[in-house]
Amino acid sequence: MSIILTGDRPTGKLHIGHYVGALKRRVELQNSGEFDEIYIMIADAQALTDNAEDPAKIRDNVLEVALDNLSVGLDPDQSVLFVQSGVYPLTELCFYYMNLVTVARLQRNPTVKSEIKMRGFEASIPVGFFNYPISQAADITAFDATVVPVGEDQLPMLEQCREIVHKFNETYGETLVMPKALLPENEAAQRLPGTDGKAKMSKSLNNCIYISDDSKTVQQKVMSMFTDPDHLRVEDPGKVEGNTVFTYLDAFSTTAHVEAYWPEYENLEAIKAHYRRGGLGDVKVKRFLINVLEETLEPFRQKRAYWEARLPEVTERLHEATKIATEKAEATVERVRKAMRIDYFADNSFLEEALRRYGK
Ligand code: TRP
């Protein structure tokens, strides 16, 4: 069996960094027809681990994230798009896995480390937040996922999950499926910077282009993007490395885009060469990027409009999918309980063992 599980935290609308780093691949994999089951999780319970005081934010964004996924081509007939907190067996798995991980190991998890810093949690880390790599291992293993398509920042989570699977199977016998991470092939796509050139797109930095942004907003955001600060006059030689506009082109543009919108050049490399030499202005490159992004985002806007006109159906489908996901996770919990020998009432063996011990 080939099974996909992946997901997003609903802490805000998803941006084009999410698209190119995760959602694009997920839809391609869905459409490849190579997978027996596909689960896409809206990780609201994980989002609450560092937003406990703001449940309303998470609640609103559950639907936003669902619409973001549907708008980029996730097909709810092919993929189970569900809400994490509705799948209660995940908490039980997490409870058992917690026994297989040390505090020191969690402290060494690089993603947890950097997130603790980012959130100012150094002095007092919520236990639930500290524990979320274990909870994420429950998410992945509950669905017998073989493949977990994620961005680069999630690699330490996958590593942690694989350790838990290994430890569990070693301790209780072969029970859990060993998952594998799948990263985006395109390197620029793995870590798309914000429009201000900062390392990450983040809502609080106001440097995101959202999947759901309209044309005018995309144009404005691209026009205000950072480029090479030393490229003052058009004639000056320009730097491509670390130039946000070119990083975005690396992530989004294809040779077909060059042919369609800038046929004076053969490909992106030729555009870069001209920019490096000097004589190519930022505005022209930005106009090209706008065309590329528009061609990417316009079909998403249309799909989104389709689903926005059907919110009752979206809600109903989320509900149904959450039930399907729960059934799947329940089956895994049953296997886990049996392996751990805590399935006392599944059959008569518990009593029979007792009778034998008592010589009866
Ligand atoms: N941690 C992921 C993120 O921050 C979301 C997530 C939760 C996830 N559970 C998962 C991703 C399981 C892959 C598999 O985006």
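The values are calculated or read from the model by the stated rules, or taken from the named source; none is laboratory data. Just so it is clear, the structure is predicted and the values come from calculations on it, not from any experiment. In this analysis, Cβ positions are derived from the backbone assuming ideal geometry, glycine residues included, and neighbour counts consider all displayed protein chains. Just so you know, the surface numbers come from the protein's heavy atoms only, side chains and all, with ligands and any DNA or RNA stripped out. Shrake-Rupley method; radii C 1.70, N 1.55, O 1.52, S 1.80 Å.
On inspection, PHE143 fails the criterion of being within 12 Å of the ligand (Cβ to nearest atom), modelled with pLDDT under 95 and open to solvent by less than 30 Å² (accessible area, probe 1.4 Å). Applying the set (1) in contact (Cβ under 8 Å) with a residue 40 or more places away in the chain; (2) within 14 Å of the ligand (Cβ to nearest atom); (3) of a type in the set (A, V, I, L, M) to ALA66 leaves exactly one unmet item: (2). The C-beta contact set for segment 134-159 (first residue more than 19 Å from GLU330 (Cβ to Cβ) and assigned by TED's automatic domain parsing to the domain that holds VAL333, second residue assigned to a helix (DSSP H, G or I) and open to solvent by 30 Å² or more (accessible area, probe 1.4 Å), distance under 7 angstrom, 6+ apart or interchain) comprises ILE134/MET98; PRO149/ARG25; GLY151/GLN190; GLU152/GLN190; PRO156/PRO110. Checking each residue in segment 130-140 for being more than 10 Å from the ligand (Cβ to nearest atom) and either open to solvent by less than 20 Å² (accessible area, probe 1.4 Å) or closer than 15 Å to TYR96 by Cβ (or both) picks out ASN131, ILE134. Within segment 110-127, the only residue that satisfies the criterion of being within 13 Å of the ligand (Cβ to nearest atom) and either over 23 Å from ILE42 (Cβ atoms) or at pLDDT 95 or above (or both) is SER114.
Identify the residue in segment 151-162 that is in contact with a helix residue (DSSP H, G or I) (Cβ under 7 Å, 6 or more places away or on another chain) and open to solvent by less than 10 Å² (accessible area, probe 1.4 Å) and, among all such residues, is nearest to the ligand (Cβ to nearest atom). Within segment 151-162, the match that is nearest to the ligand (Cβ to nearest atom) is MET157.
Among the residues making up segment 74-108, a single one is over 23 Å from ILE42 (Cβ atoms) and open to solvent by less than 20 Å² (accessible area, probe 1.4 Å): LEU106. Listed by first and then second residue, the pairs linking a residue in segment 25-39 that is under 14 Å from LEU182 (Cβ atoms) to a residue that is among the acidic types (Asp, Glu), with Cβ atoms under 8 Å apart and 6 or more places separating them unless they lie on different chains, are GLN30/ASP75. If the condition is being part of a loop (DSSP other than H, G, I, E, B) and within 19 Å of ARG9 (Cβ to Cβ), then segment 180-205 contributes LEU183, PRO184, ARG191, LEU192, GLY194, ALA199, LYS200, MET201, SER202. Looking only at segment 1-20, which residues are in a helix (DSSP H, G or I), more than 10 Å from the ligand (Cβ to nearest atom) and not aliphatic (A, V, I, L, M)? The answer is GLY17, TYR19.
Screening GLU264, GLU241, GLU235 for residues that are open to solvent by 20 Å² or more (accessible area, probe 1.4 Å), acidic (Asp, Glu) and within 31 Å of the chain's Cα centre (by Cα) leaves exactly one candidate, GLU241.
Does LYS180 satisfy the criteria of being among the basic types (Lys, Arg), within 13 Å of the ligand (Cβ to nearest atom) and in contact with a strand residue (DSSP E or B) (Cβ under 7 Å, 6 or more places away or on another chain)? So LYS180 fits the description; yes.
Candidates in segment 34-54 are the residues that are among the acidic types (Asp, Glu) and part of a loop (DSSP other than H, G, I, E, B); of these, the one that is nearest to the ligand (Cβ to nearest atom) is ASP50.
Is it true that some residue in segment 26-33 is within 12 Å of the ligand (Cβ to nearest atom) and basic (Lys, Arg)? Scanning segment 26-33, I find at least one residue that is within 12 Å of the ligand (Cβ to nearest atom) and basic (Lys, Arg), so the answer is yes.
Find all pairs meeting these conditions: Cβ atoms under 8 angstrom apart; at least six residues apart or on different chains; first residue within segment 342-353 and free of Cβ contacts under 8 Å to residues at least 40 places away in the same chain; second residue open to solvent by less than 90 Å² (accessible area, probe 1.4 Å). Every condition considered, the pairs that remain are ASP343/ARG337; ALA346/ARG337. Residue count for segment 187-196 satisfying the condition of being surrounded by fewer than 17 Cβ atoms within 10 Å (Cβ to Cβ) and at pLDDT 80 or above: 1.
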